[in-house]
Amino acid sequence: MHILIAAIGLLGAAGFWWYRLKIMNDAAREVADVVGRVQGNVRRKKLRKQAALSPLTAIDDPVVAAATLITAIVSENGPMLPQREAAI
């Protein structure tokens, strides 16, 4: 009889700890999800801030935006020479 009680006790303890580990795993997964969402929000806010600082967002006319972009690309290679400016 005492062997049966010990076996039931061991099964009960194993079940208790299995349940506790399961709950802790679920809580850790939930915390990881929240951290991921916060990191995503921070990244999106950073991208929105960078997009707001872009000079192209302030330009309404597509032709002016294209000319600005071409001028920026040309000036990457060196100073804006009169020949380059005339070509643009």
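A few points about this structure:
- Test: residue in the stretch 23-43 that is closer than 30 Å to I73 by Cα, assigned to a helix (DSSP H, G or I), not hydrophobic (A, V, I, L, M, F, W, C) and not assigned by TED's automatic domain parsing to the domain that holds I73: yes
- Unmet requirement for K46, which otherwise passes all of (1) surrounded by fewer than 10 Cβ atoms within 10 Å (Cβ to Cβ); (2) part of a helix (DSSP H, G or I): (1)
- Among the residues of the stretch 49-69, those that are of a type in the set (A, V, I, L, M, F, W, C) and surrounded by 11 or more Cβ atoms within 10 Å (Cβ to Cβ) comprise L56, I59, V64, A65, A66, A67, L69.
- When every residue of the stretch 70-84 is checked against the conditions, at least one turns out to be over 33 Å from the mean Cα position of the chain (by Cα), part of a helix (DSSP H, G or I) and surrounded by 10 or more Cβ atoms within 10 Å (Cβ to Cβ).
- Entry remark, the stretch 1-31: residues being among the polar types (S, T, N, Q) and loosely packed, with under 10 Cβ neighbours inside 10 Å number 0 in total.
- Within the stretch 51-64, residues that are free of Cβ contacts under 8 Å to residues at least 12 places away in the same chain have Cβ atoms under 7 Å from residues that are among the acidic types (D, E) in no pair, counting only partners at least 6 apart in sequence or on another chain.
- Filtered residue count, the stretch 49-66, keeping only those that are touching a Ser or Thr at 6+ places or on another chain (Cβ under 7 Å) and not in a helix (DSSP H, G or I): 1
The values are calculated or read from the model by the stated rules, or taken from the named source; none is laboratory data. Since this is a predicted model, take the numbers as computed values, not measurements. Because the Cβ atoms are built from the backbone with ideal geometry, glycine has one as well, and the counts that use them run over all protein chains shown.
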